[in-house]
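Have a look at the structure below before the remarks.
The values are calculated or read from the model by the stated rules, or taken from the named source; none is laboratory data. Just so it is clear, the model here is predicted, and its values are computed rather than measured. In this analysis, Cβ positions are derived from the backbone assuming ideal geometry, glycine residues included, and neighbour counts consider all displayed protein chains.
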Amino acid sequence: MLVGHGVVQRSANHRSHCGRGEHLLLTVFLVYCSRSKIVGLTTREMVLFKQVSPRRVATKGRVRIVEEASQSHVDVDPEIDQGAESPDAESDLEEAAHVREEEGDSWVSPAFTLFDEAFSKILASGLVRSVRCEIPCRDYRAHRLPLAGLYPKNNQVKFRGDSGLEDGKFGGRESDEDVVGGFYDSGNNIKFSFPTAYTITLLSWSVIEYHQKYSEIGEVDHVKDIIKWGTHYLLKLFVSPSNDSTSDARLYTQVGTAGNDTKTPNDMNCWERPEDMDYKRPVSYCDISKASDLAGEMVAALSAASLVFKQEEVVYSEKLVQTAEKLFELILESTTKKDDEYCSGIEARKFYNSSGYLDELVWASTWLFFATGNTSHLQYATQMFTSVTSNNNDDDHTTSDQGFFYWNNKLIASAVLLSRLQMFNDLGFPYEDAMSESTTMINSLMCSYVLAPNFNTTFTPGGLLVQRVEDGASLLELAATASFLSKLYSDYLQAIRRSGGRCSSSTTTTHHQSFSTQMLTNFSKSQVNYILGDNPMKMSYMVGFGGKYPTQVHHRSASIPWDGHRYTCEDGHKWLNSKDLNPNILVGAMVAGPDQTDEFLDQRDKPWFTQPTISSNAGLVAALIALHDPPLTSAHSSSPNLGLDILGLFENIKL
């Protein structure tokens, strides 16, 4: 299911398919298509993808945009050219083509989307049936055209390439470090470690819970490839101490810079494709004690991913969890402090200003417990959870937005995981208080979603959940994760044959109110419906989906044509300031979206409306796979098939 970005290239007014080497925003709509090339891996470790060669098709007055799954995991020598022209199968594509009216001839090329096929299947086979789109959800079907192998070096149309291969050569340490790889986090070319780790954690969680659904749509290998792309990078970011001391342990927090408003070319004042970057990209790093939030998120990501790979890649899974344990040990040994460098490096605070680190410590220890079965991690998680929810830490602001799940706060998500543990395992001492508190917190959250008037919850006039945070997270990002959590919790309840839950509140009016699993599912669908087009703007906020969607996405590669020319830092600004449509369509990218009045401005120079991010798209992936119809069960089965892997998290646990 991760849908990525397909892009179609027009000749004069061309739109091009996103290809290899750009921002690969991870998710079922993992937006962007740009991944930095990972080097230094063995042949067996290389995550390689096949891509169909583009074909030039002349049409009269219209452009046929063909989008199909075009990647698979292979083990080959990356130096060997695997390319071959895809046979012309135009007649086979008639039924599956997504047709849009345009002027002139066009390049017809498959999307560079790791999950385009899954995206098609989810929308055509699942969500279109169960999630209503007021704007017709049309013409997205699974396409299976013969693949030509790896993106070949001799491809006729090289509109994408590798990027960021010098990353790490301008770090602040005695020697250069290899931090090539990973993901560009949004429409710029900076790589932030914090949202990358969060994205990998959330994607891994969705696979662990809904492995059956990914299997049913044939996308398990694809989503694993994306997760591995991220974990390979995360492993590079952690520099272990050279001895027993933690003094020289480091975390790389950021690659690239915003330049602090200087005129020196950098990733913010340049409007340039990643492949064309020719300026220095400094590397930022922090001591463990000054980046406990990042360290905790990395522990969570590596731990969750280790569960994803545990069955088929045991050695790699063990490597991930061993690294997570070592990093968590360093966190506990450090004296965490909050100063100007706290939170993922000095400059990163301007973009991802974490309000606290305690939620990441709860999140990290919870995932580490699931990955190892070590009850000491569970004891730490539950004790810390109780402490945080009791507001016993004056120097940390984790509780300020504890009802929201996004890159900055994972406390409510940790509560969901602890509630899951309580539901499916009868835990006793010493976990009762934390488990009771987590259930109370989650039930209150669910009630706030579906019984809004009594919980001071607000929605836009069009029905989008409004959750206010101070750090600039978009409404769509928060709505997507709310959709995921509500559907997931509904599945938990149904799995243990409960019809709903009771609201927990100190007020008399809400104490006896309750919610049903159907209410949670309806709420979850309503938020995804809004994102996909059931909103006052009658617009899908997922690029490339529906009849109307954003056309001026704030994204460097989307806005600069792939015409064989290299454009400098200054050259690119003519596209930033242009009012023309983006020449490249990032199929599958969810933009920031509307404001609290449902208003939306489709303008490239307004990123608060039109910029996509990997973290927000990860939430949409999770919501979509949760809402996808599960595989059919036998008519004689006594248990409902929710597509939920009930035992997935508990394999290592012996309580």
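Tabulated results
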item: Residue within segment 592-605 that is out of contact with any Cys (no Cβ under 9 Å at 6 or more places or on another chain), under 21 Å from PRO453 (Cα atoms), charged (D, E, K, R) and crowded, with 20+ Cβ neighbours inside 10 Å present; result: no
item: Residues of segment 509-556 that turn out to be aliphatic (A, V, I, L, M) and part of a loop (DSSP other than H, G, I, E, B), as a count; result: 4
item: Test: residue in segment 328-349 that is closer than 18 Å to PHE238 by Cβ, crowded, with 18+ Cβ neighbours inside 10 Å, modelled with pLDDT of 95 or more and out of contact with any Pro (no Cβ under 8 Å at 6 or more places or on another chain); result: yes
item: Where GLN494 falls short, out of the listed (1) surrounded by fewer than 21 Cβ atoms within 10 Å (Cβ to Cβ); (2) part of a loop (DSSP other than H, G, I, E, B); result: (2)
item: Residue under evaluation ASP629, criteria (1) more than 22 Å from the chain's Cα centre (by Cα); (2) on the phi < 0 side of the Ramachandran plot; (3) charged (D, E, K, R), criterion not met; result: (1)
item: Selection within segment 549-568 - farther than 23 Å from ILE190 by Cβ and under 23 Å from the mean Cα position of the chain (by Cα); result: TYR549, THR551
item: Hits in segment 608-628 - residues which are outside any helix (DSSP H, G or I) and buried (at least 24 other Cβ atoms within 10 Å of the Cβ); result: PRO612, THR613, HIS628
item: Residue in segment 138-161 that is modelled with pLDDT of 55 or more and surrounded by fewer than 24 Cβ atoms within 10 Å (Cβ to Cβ) present; result: yes
item: Residue list for segment 231-248, filter: crowded, with 17+ Cβ neighbours inside 10 Å and at pLDDT 85 or above; result: THR231, HIS232, TYR233, LEU234, LYS236, LEU237, PHE238
item: Complete set of residues in segment 477-490 that are within 19 Å of THR610 (Cα to Cα), in contact with a helix residue (DSSP H, G or I) (Cβ under 6 Å, 6 or more places away or on another chain) and hydrophobic (A, V, I, L, M, F, W, C); result: ALA479, ALA480
item: Subset of segment 452-461 (residues that are modelled with pLDDT of 90 or more and over 25 Å from the mean Cα position of the chain (by Cα)); result: THR458, PRO461
item: Total residues in segment 181-210, condition in a strand (DSSP E or B), among the aromatic types (Phe, Trp, Tyr) and within 15 Å of ALA258 (Cβ to Cβ); result: 1
item: Hits in segment 581-607 (condition: touching a residue at least 60 places away in the same chain (Cβ under 8 Å), aliphatic (A, V, I, L, M) and assigned to a loop (DSSP other than H, G, I, E, B)); result: LEU581, ILE585, LEU586, VAL587, ALA589, VAL591, ALA592
item: Matching residues in segment 560-600 - criterion: being within 23 Å of ILE614 (Cα to Cα) and of a type in the set (Phe, Trp, Tyr); result: TRP562, TRP575, PHE600
item: Of all residues in segment 595-613 being among the aromatic types (Phe, Trp, Tyr) and out of contact with any helix residue (DSSP H, G or I) (no Cβ under 8 Å at 6 or more places or on another chain), the one that is farthest from ASP534 (Cα to Cα); result: TRP608
item: Those residues of segment 431-456 which are under 14 Å from GLY403 (Cα atoms) and among the charged types (D, E, K, R), in sequence order; result: GLU437
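To keep it simple, each residue is scored yes or no on (1) in contact (Cβ under 8 Å) with a residue 60 or more places away in the chain; (2) not aromatic (Phe, Trp, Tyr).
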position: ASP276; (1), (2): yes, yes
position: TYR279; (1), (2): yes, no
position: ILE288; (1), (2): no, yes
position: GLU297; (1), (2): yes, yes
position: VAL315; (1), (2): no, yes
position: VAL321; (1), (2): no, yes
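Here is a yes/no grid of residues against (1) more than 20 Å from the chain's Cα centre (by Cα); (2) among the aliphatic types (A, V, I, L, M); (3) farther than 19 Å from LEU361 by Cβ; (4) outside any helix (DSSP H, G or I):
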residue	(1), (2), (3), (4)
THR253	no, no, no, yes
TRP271	yes, no, yes, yes
ALA295	no, yes, no, no
ALA304	no, yes, no, no
GLN311	yes, no, yes, yes
VAL315	yes, yes, yes, no
LYS319	yes, no, yes, no
THR323	yes, no, no, no
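Yes/no per residue for (1) surrounded by fewer than 20 Cβ atoms within 10 Å (Cβ to Cβ); (2) in contact with a Phe, Trp or Tyr (Cβ under 6 Å, 6 or more places away or on another chain); (3) modelled with pLDDT of 90 or more:
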residue: ASN392; (1), (2), (3): yes, no, no
residue: SER419; (1), (2), (3): no, no, yes
residue: ALA434; (1), (2), (3): no, yes, no
residue: LEU445; (1), (2), (3): no, no, yes
residue: SER474; (1), (2), (3): no, no, yes
residue: SER483; (1), (2), (3): no, no, yes
